[in-house]
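Undergrad: Have a look at this one before I ask anything.
Only the coordinates and a few stated rules stand behind these numbers; no lab work does. Just so it is clear, the model here is predicted, and its values are computed rather than measured. Quick reminder, even Gly has a Cβ in these numbers, built from the backbone with ideal geometry, and neighbours come from all protein chains shown.
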Amino acid sequence: MAIRGIVGVKRSRQHHKTTNLTTIKRWKLSYLNKCVERSRSLNQIAPVKGSDAAACHVYLSAMKRKHLITLTLLIVLVLDQGLKVWVKTNMEYGEEFQIFGWDRALVHFVENNGMAFGLSLGGSYGKLLLTLFRITAVGLLFIYLARLVREQAERMLLLGFSLILAGAIGNIIDSVFYGQFFSASSFHGGVAKFLPEGGGYAPFLYGRVVDMLYFPLFYGTYPEWLPLLGGRAYLFFRPVFNVADVAIFLGVLVLLFFYFTSVLNRKPLAVGRVEEE
C-alpha cells in the first residue's frame with residue numbers, strides 16, 4: 001500500500017507538472033499570436049517580413065519605445081506641476097529663497113504670459129495665439145512620435161522629442177487651467193488659493209506660466225573703458241524658468257547630440273528596423 005501511495009503521488013506531481021507546462025505553452029502561443037497581431041497594426045508604414053518571432057520582436061520593441069515616452073512624460077510633468085503648485089500656493093509673488101544656502105541658486109517666484117525662460121508675446125491676442133500654437137504643436141508632435149514608434153526610431157531620438165513634448169505640455173497646463181484654478185498672485189498680496197470661491201484670476205486659455213528657478217551666476221559692472229557698455233551693470237543668467245523649460249532645453253540638446261553622432265557614424269537619422277535574419 002505504501003508503494004502504491006508513493007507511485008500515486010509521483011504520478012500526481014508529474015501530471016501537475018505536465019499540466020503547468022501545457023498551460024505555459026498555451027500562454028506563450030497566445031502571447032506570440034498577440035505579438036504578431038499587434039505588430040501587423042503597428043507596422044503598416046514599414047511592414048516587417050519574416051518569421052512570427054521577428055514580428056513579435058517588432059511589437060515588443062514598439063512597446064519599449066512607448067514605455068520610454070510615457071515614463072519621460074510622467075516624470076517631467078509630475079516634477080514640473082508639483083513644484084509649480086507648491087510655489088503658487090506657498091510663496092508670494094516675488095518671494096525667493098536660496099537653494100542649499102547658495103546665493104547664486106534661487107527659487108524666485110514670478111509668472112509670465114508666454115514662452116520658455118520668461119519670454120512673452122505681447123497683448124491678450126498674442127497670449128491666446130501663443131497658447132493655441134502650443135496646443136497645435138503638441139498635437140503634431142504626438143502624431144510624429146507615434147510615427148517614429150512605428151518606424152522603430154532610435155531611443156535617443158524618441159527621448160529628445162519626448163522631453164520637448166513634456167515641457168510643452170507642462171507650460172500648456174499653466175496657460176490653459178491655472179487662470180481658472182488659482183487666485184491671483186501679487187507683491188505682498190499673500191499666497192494664491194486653489195479653487196477660490198470667487199473664481200480664478202483669468203479666463204480659460206489666459207493663465208500665466210509659473211517660473212521659479214533663478215541662477216544669477218555672474219554679475220557686476222562693465223569696465224569704464226569698454227565702448228557702449230562701460231559702467232553698466234551686467235547679469236548672467238538673467239531669465240527665470242521652470243522644470244518644463246529645462247525639459248525642452250535638454251530635449252534640444254539630446255536631438256543635437258543624436259544628429260551629430262548619427263552624421264559622424266553615418267547612420268540613418270530615424271529608422272532602425274529589425275532586419276530579417
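Undergrad: May I ask you to order 237-244, 79-86 by the average number of other C-beta atoms within 10 Å around their residues, highest value first?
TA: Top of the packing list down: 237-244, 79-86.
Undergrad: From the square roots a ≥ b ≥ c of the eigenvalues of the alpha-carbon gyration tensor of region 61-265, which class results: rounded (a/c under 1.5), prolate (a/b over b/c), or oblate?
TA: Verdict is oblate for region 61-265.
Undergrad: Sticking with this structure for a sec: Pulled fully out, how much extra length does the chain show between T70 and L129, if you take 0.36 nm times their separation in residues and subtract their Cα-Cα distance?
TA: 18.4 nm
Undergrad: How would region 196-263 be classified by its alpha-carbon gyration tensor: rounded, prolate or oblate, with rounded meaning a/c under 1.5 and the a/b versus b/c comparison settling the rest?
TA: Here region 196-263 falls in the oblate category.
Undergrad: What Kirkwood hydrodynamic radius, in Å, does region 177-233 give when the mean of 1/r is taken over all pairs of distinct Cα atoms and then inverted?
TA: After inverting the pairwise mean of 1/r, the radius is 14.7 Å.
Undergrad: For a quick check: sort Y259, Y93 by the number of other beta carbons within 10 angstrom, fewest at the front.
TA: In order of increasing Cβ crowding within 10 Å: Y259, Y93.
Undergrad: Taking R0 as 35 Å, what's the FRET efficiency between V85 and F142 from their Cβ-Cβ distance, rounded to 0.05?
TA: Efficiency computed from Cβ-Cβ geometry: 0.90.
Undergrad: For the pair F194 and L253, how long in nm is the line joining their label points, each one 7 Å along Cα→Cβ?
TA: 3.1 nm
Undergrad: If N is the number of residues in region 125-184, what value comes out of its Cα radius of gyration divided by 2.2 N^0.38 Å?
TA: Its radius of gyration relative to the 2.2 N^0.38 Å reference: 1.36.
Undergrad: Next question. Over the Cα atoms of region 156-202, each weighted equally, I'd like the Debye log10 I(q)/I(0) at q = 0.16 Å⁻¹, rounded to two decimals.
TA: Each listed q maps to, in turn, -0.56.
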